[in-house]
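Structure, as structure tokens:
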Amino acid sequence: EWDRPLLEAHAKIFHAPSDARILGLTSGATPEFVKERIRESIFSGAIFEAIDSIPSSRRDEFKQTFADILTQDDWQINDVRDTLLDFDPDMDNAQAETIARTETASIVNTAREEGYTEMGQGDDRFYWAGVIDNRTTDACEWLINKTNPNNGGTPVSISELKDLIAEAPTHD
């Protein structure tokens with residue numbers, strides 16, 4: 001029950017147009033526990049710290065802005081992209097959209113990981129899901145290839161996945 005909205009959001013992040021609504025069930029309201037998982041994942045480090053164009057002095061403001069957007073019922077990739085452009089006006093739209101999709105996917109994946117850990121399933125095997133296309137960052141492609149059996153990878157435990165996620169920016 002708790003995982004379905006996050007899993008559906010993850011699929012939409014990569015497959016939906018940038019102006020499509022990402023969260024929200026058929027009733028139109030995202031459950032509060034899903035929003036709380038998203039908030040927790042943002043502030044526990046799900047956003048890659050290697051977005052070089054955002055100064056470290058504004059990192060907390062950036063995280064709070066992300067949390068404000070991603071816990072709305074009607075947010076879109078465009079909202080995240082526009083926020084990135086507000087923080088770095090020199091970034092081009094395509095790069096901002098790629099980062100928006102990557103960061104939101106990371107946040108949703110982390111929220112799911114935390115949920116599985118809380119449910120005592122941290123020793124199960126997991127893999128990084130996503131699409132490899134012209135918008136995929138090198139870090140995400142590396143994670144997909146390393147852990148996703150559909151791309152030749154080997155699923156890993158939650159703790160191993162967290163270590164790989166921490167390493168991923170070095171491959172970008």
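Taking θ as phi - 60° and the Karplus parameters 6.51, -1.76 and 1.60, the scalar couplings of the range 126-138 work out to 9, 9, 7, 9, x, 10, 9, 8, 5, 9, 6, 6, 4 Hz in sequence order, x denoting glycine and proline. Cβ-Cβ distance of Glu36 and Asn78, R₀ of 22 Å, FRET efficiency by 1/(1 + (r/R0)^6): the value works out to about 0.35. Principal axis analysis of the Cα atoms in the range 88-138 yields extents of 44, 22, 11 Å, listed in decreasing size.
A 1.4 Å probe run over the chain, with the rest of the protein chains in place, finds 49 Å² accessible per residue.
Out of (1) 35.5, 130; (2) 15.1, 44; (3) 16.2, 51, which label holds the value of Rg and Dmax of the Cα atoms in Å that was computed here? Correct label, based on the coordinates given: (2). In this structure the amide hydrogen of Phe126, modeled in the peptide plane, comes within under 5 Å of the amide hydrogens of Val156, Ser157, none closer than 5 places in sequence on its chain. Applied to the range 88-98, the Karplus parametrisation 6.51 cos²θ - 1.76 cosθ + 1.60 on θ = phi - 60° returns per-residue 3J(HN,Hα) values of 9, x, 7, 6, 8, 4, 5, 5, 5, 5, 4 Hz, with x for Gly and Pro. Leaving ligands, DNA and RNA out of it, report the carbon-plus-sulfur percent of the accessible area of the range 53-118 at a 1.4 Å probe. Carbon plus sulfur share of accessible area: 39 percent. Under 26 Å between alpha carbons, and skipping anything fewer than 8 positions from Lys63 in its own chain: which lysines qualify? By straight Cα distance, Lys63 reaches Lys12, Lys35, Lys162.
Rounded to the nearest Hz, the phi-derived 3J(HN,Hα) couplings of the range 55-61 under the Karplus curve 6.51 cos²θ - 1.76 cosθ + 1.60 (θ = phi - 60°) are x, 4, 5, 10, 4, 5, 4, where x marks glycine and proline.
Placing +1 on the Cβ of every Lys and Arg and -1 on the Cβ of every Asp and Glu, with no other charges, gives the chain a dipole of roughly 360 debye about its Cα centre.
The values are calculated or read from the model by the stated rules, or taken from the named source; none is laboratory data. Just so we're clear, the structure is a prediction, and the values are computed from it rather than from any experiment. Neighbour counts are summed over all protein chains in view; Cβ atoms, including those assigned to glycine, are modelled from backbone coordinates with ideal geometry. We work out accessible area using only protein heavy atoms, side chains counted, and drop any ligands, DNA or RNA first. Shrake-Rupley method; radii C 1.70, N 1.55, O 1.52, S 1.80 Å.
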